[in-house]
Amino acid sequence: MSGVNLSGIVKAYGAVQVVHGIDLEVAEKEFVVLVGPSGCGKSTTLRMVAGLEEITAGELTIDDRRMNRVAPKDRDVAMVFQNYALYPHLNVADNMAFGLRIRKMPKDEIKTTIDDVAEILGLTPYLDRRPADLSGGQRQRVAMGRAIVRHPKVFLFDEPLSNLDAKLRTQMRAEIKRLHNRLGVTSIYVTHDQVEAMTLADRIVVMNDGNIEQVGTPMELFNDPANVFVAGFLGSPPMNQIKGVLTATGAQIEGTEIKLSGAVNDNVGRDVIVGIRPEHVTLEAGEDTTALPIALDLVEPLGSEALLHARSGDDNLVFKADTNGDIAHLSGVKEVHVPSHLVKLFDAETGRALNLGA
């Protein structure tokens, strides 16, 4: 089993602790994405798995073998870096073969391996070129190829697409996903881009300030965020969060009572944060919806849909609406309709999700 297990992992630089005792199990062949804002500890965690950072406390195992004191070269992991880390004086074939030659693999096996991986990555026509003669996307494929040829137990990706333009990032995301489906190697991927996390991951690990906030599939985290941080980090645009107070029949926000599908029970008067996803509202009333008055500031057309930037009291809100090929009808929007079963509630003090029906 080529799984990775982190148990009580701590990283400290002197008296400053940057990773606070995290626990995470990555199953064999799973693609797990660590996501969070800059400085949250995700890259540090990845580097501890790679052996590039010393573990202060806790235990790391790979394939059921304790790795805390094992040298990086002996961990059987391969890392793809943000800056490609290619040798500029070597051509593509030699860059990919470098690690194999260090391991004294026979020349004929090296050539066969390089040819096979180059075919997978579409690099066969570029094997004689140097990195300076390649595009950004081609260089990133070479960096991935150098990792693949080693046939490691675990792939580690440290924000590999952040240097590419938007179009190339989209293409490379698809290539990485197809590559993982084909090779089936356990993979841990770090990014600050929640779109990358949602599209690539089997499971997402949301980190904040050196802690794990929530772990789950992309849709689990999107539909049922554990707290206001996860709700505000995942989703584009993120979930609207409005201060409110629970009543006997719903949640009171800015003079409007939002219907709720769960029973309020003995929570009347409790201060809450009402979460509404931009894509969950409609412009027309439906069964079991609440009309939420808004003051429209801006309509931002995106093609088939538009973003409605609006205010409700002191809150800045964003909602999505279909354009149907035209945005003229959106300029007069004065309210959106909120389905009760899609409203999320969070405790105003702790930020934790509430399940009133439980």
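Structure summary
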item: Carbon + sulfur, % of accessible area of the chain - ligands and nucleic acids excluded, 1.4 Å; result: 48 percent
item: Per residue Cα convex hull volume in Å³ - calculated over segment 211-287; result: 129 Å³
item: Segment 245-291-segment 202-224 distance, computed between alpha-carbon centres (Å); result: 25 Å
item: Length gained when the stretch D202-L342 is fully extended (0.36 nm per residue, less Cα-Cα span); result: 48.0 nm
item: Per-pair calculated FRET efficiency, R0 = 51 Å: A27 and H309 via Cβ, rounded to 0.05; result: 0.80
item: Computed magnitude of the charge dipole of segment 120-197 (debye, nearest 20; Cβ of K, R +1, Cβ of D, E -1); result: 300 debye
item: Fluctuation leader among M198, M67, M219 - the chain, Gaussian network, Cα springs under 10 angstrom; result: M219
item: Potential extension, D322-R178 segment - 0.36 nm per residue separation minus Cα distance; result: 48.7 nm
item: Beta bridges per DSSP with both ends in segment 123-265, % antiparallel, nearest 5; result: 70 percent
item: Gap separating the Cα centres of segment 109-162 and segment 316-342, nearest whole Å; result: 45 Å
item: Among beta bridges that DSSP assigns inside the chain, antiparallel share in %, nearest 5; result: 75 percent
item: Solvent exposure of the chain as accessible area per residue, Å², 1.4 Å probe; result: 47 Å²
item: Charge-dipole axis of segment 240-347 as Lys and Arg at +1 and Asp and Glu at -1 on Cβ define it, positive-most pick from V338, A310, L260; result: L260
item: Leading residue at positive end of dipole, segment 4-229 (Cβ point charges), from L52, T199, P131; result: P131
item: Amide hydrogen neighbours beyond the local backbone of K243, cut-off 5 Å, H modeled; result: V274
item: Computed magnitude of the charge dipole of the chain (debye, nearest 20; Cβ of K, R +1, Cβ of D, E -1); result: 1700 debye
item: Entry for Cα extents along the principal axes in Å (calculated from the structure that is shown) out of [x] 62, 48, 39; [y] 74, 49, 33; [z] 57, 45, 43; result: [y]
item: Extension reserve of the V195-Q171 stretch, reckoned as 0.36 nm per residue once the Cα distance is removed; result: 7.3 nm
item: Trypsin sites (Lys or Arg not before Pro) within segment 94-156: DSSP coil, no more than 12 neighbouring Cβ in 10 Å; result: R103, K104
item: Candidate aspartates and glutamates - alpha carbon under 19 Å from K111, same-chain residues fewer than 8 apart omitted; result: D94, E119, D128
item: Förster radius 51 Å - calculated FRET efficiency between V16 and E287, Cβ distance, rounded to 0.05; result: 0.40
item: Computed magnitude of the charge dipole of segment 173-327 (debye, nearest 20; Cβ of K, R +1, Cβ of D, E -1); result: 520 debye
item: Too-long pairs where the Cα-Cα distance tops 20 Å, listed order kept, from K11/K42; K320/K344; K29/K177; K29/K107; result: K29/K107
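The values are calculated or read from the model by the stated rules, or taken from the named source; none is laboratory data. Since the structure is predicted, the reported quantities are computational estimates derived from the model, not experimental observations. Cβ atoms come from the backbone with ideal geometry, glycine included; neighbour counts cover every protein chain shown. The protein model used for the area step is the full one, side chains on, heavy atoms only, and it has no ligands, DNA or RNA in it. Shrake-Rupley method; radii C 1.70, N 1.55, O 1.52, S 1.80 Å.
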